1. Rounded to the nearest 0.05, what FRET efficiency do residue 65 and residue 41 give with R0 = 41 Å and r taken as the Cβ-Cβ distance? Could you check?
2. Starting from the coordinates of the alpha-carbon atoms of the range 45-95, obtain the Kirkwood hydrodynamic radius over all distinct pairs and give the value in Å to one decimal.
């Protein structure tokens, strides 16, 4: 078990190191005032909070639809897990992607 955990840890570390060594690409600065005006201002704390609240409400509504369509996320070690979720998604009319 320790060997497997160590192997996973090494794989994760190598993935992070490999990703950080990737070259970055930057957009060229044209120096015009028009491009500066079109860039969005950073979100305020209140805007970020509102965006999180909206995203949470959307996910909760989607989960409610799935539960109404027969999906039960609370069942541990459900042998029919993927099929139950896919059936509920079809019934509820929700896409099959993990994050929508």
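1. 0.70
2. With all distinct Cα pairs of the range 45-95 included, I get 12.1 Å.
Since every read-out is calculated from the coordinates, none of them should be taken as a lab result. Quick caveat: nothing in here was measured; it's all calculated off a predicted structure. Note: ideal-geometry Cβ built from the backbone for every residue, glycine included; neighbour counts use all protein chains shown.
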